[in-house]
Amino acid sequence: MIRLIDIEKVYQTDTIETVALNRVNLTINRGEFVSVMGPSGCGKSTLLSLMGLLDEPSGGTIEIDGRAVTSYSDKELARVRNQKIGFIFQSFHLINDLSVLDNVELPLLYRAGTSGKERRQLALAALEKVGLSARTKHFPSQLSGGQRQRVAIARALAGTPEIILADEPTGNLDSVMGEEIMDLLLGLHRHEGTTIVMVTHDENMAHKTERLIRFFDGSQVS
Ligand code: ADP
Ligand code: ADP
């Protein structure tokens with residue numbers, strides 16, 4: 001469903017040029033759960049942001065469902081970003097002065113043709129999937145780290161994405177909560193067939209996924 005062909009990413013500042021990705025070729029098939037490992041600075045976050053169409057490569061081609069991303073109009077791209085892709089971050093990225101329910105509904109506001117009632121239903125269904133139906137009126141500060149990450153997962157799920165891109169989703173959690181989040185992701189993958197690409201530093205978690213990709217210095221090494 002996502003194919004990276006000869007992808008290069010160079011970050012250019014006034015004085016320095018950093019090659020973050022160097023000729024990466026990678027295919028993520030529909031329904032796969034893939035983990036990505038590698039030392040800090042090897043290009044993992046860059047890889048996810050390119051897959052999520054948050055940034056553009058310096059060279060190479062990204063294909064989504066067999067079609068080069070460069071052939072999409074801005075409007076189509078916005079729709080793909082908003083409807084096909086869900087992001088989860090290490091640091092949750094929740095909005096502290098919005099309730100759990102409002103946080104989960106937020107991305108749906110950018111979706112044309114979805115009524116307030118539909119948004120609410122999608123958000124409640126997503127919160128049920130992550131086991132947080134009893135916390136809809138809470139605020140993020142009233143939740144544990146594991147619960148906050150569940151809210152973030154619900155926010156990603158509410159848009160019924162085809163792929164979830166997770167950047168160290170358990171990196172800020174203790175091992176018990178980390179396991180819970182990993183089990184939740186494994187369950188989504190198994191029961192709903194969600195495609196997941198997860199960056200992690202945790203070998204144990206990586207080995208629970210179907211495919212482990214290792215990066216070093218901007219290139220895939222295994
Ligand atoms: P990882 O996620 O594996 O830690 P990143 O993808 O964040 O790696 O970064 C890869 C390389 O690109 C690093 O050398 C990093 O310093 C550099 N880099 C990342 N983002 C930027 C940026 N916005 N500007 C300049 N350099 C960047
Ligand atoms: P951290 O390791 O600091 O917690 P995150 O996992 O929050 O980093 O973010 C990982 C990457 O995603 C970073 O390169 C960051 O620039 C990018 N990013 C974070 N938040 C957003 C966002 N809301 N929209 C787009 N990109 C984001």
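Against the test of being closer than 26 Å to Asn204 by Cβ, without any contact (Cβ under 8 Å) to a residue 12 or more places away in the chain and under 14 Å from the mean Cα position of the chain (by Cα), the options Ser45, Ser49 yield a single qualifying residue, Ser49. Candidates in region 46-63 are the residues that are among the charged types (D, E, K, R) and under 15 Å from Tyr11 (Cβ atoms); of these, the one that is farthest from ligand 1 (Cβ to nearest atom) is Glu56. The criterion of at least 1 residues that are open to solvent by 80 Å² or more (accessible area, probe 1.4 Å) and over 26 Å from Ile213 (Cα atoms) is met by the following strands (runs of 3 or more DSSP E) wholly inside region 1-120: 2-12. Restricted to helices (runs of 4 or more DSSP H) entirely inside region 127-222, those with at least 3 residues that are surrounded by 15 or more Cβ atoms within 10 Å (Cβ to Cβ) and away from ligand 1 (no atom under 16 Å from the Cβ) are 145-158, 175-192. The single residue among Gly159, Gly145, Gly86 that is more than 16 Å from the chain's Cα centre (by Cα), touching a residue at least 24 places away in the same chain (Cβ under 8 Å) and within 15 Å of ligand 2 (Cβ to nearest atom) turns out to be Gly145. Does Arg135 satisfy the condition of being modelled with pLDDT under 95 and either of a type in the set (Lys, Arg) or in contact with a strand residue (DSSP E or B) (Cβ under 7 Å, 6 or more places away or on another chain) (or both)? For Arg135, the condition - modelled with pLDDT under 95 and either of a type in the set (Lys, Arg) or in contact with a strand residue (DSSP E or B) (Cβ under 7 Å, 6 or more places away or on another chain) (or both) - is not met.
The values are calculated or read from the model by the stated rules, or taken from the named source; none is laboratory data. What you are looking at is a predicted structure, and each value in this text was computed from that prediction instead of being measured. Reconstructed Cβ throughout: ideal geometry from the backbone, glycine too, with neighbour counts over all protein chains shown. Please note that ligands, DNA and RNA were not included when accessible areas were found on the heavy atoms of the full protein model with its side chains. Shrake-Rupley method; radii C 1.70, N 1.55, O 1.52, S 1.80 Å.
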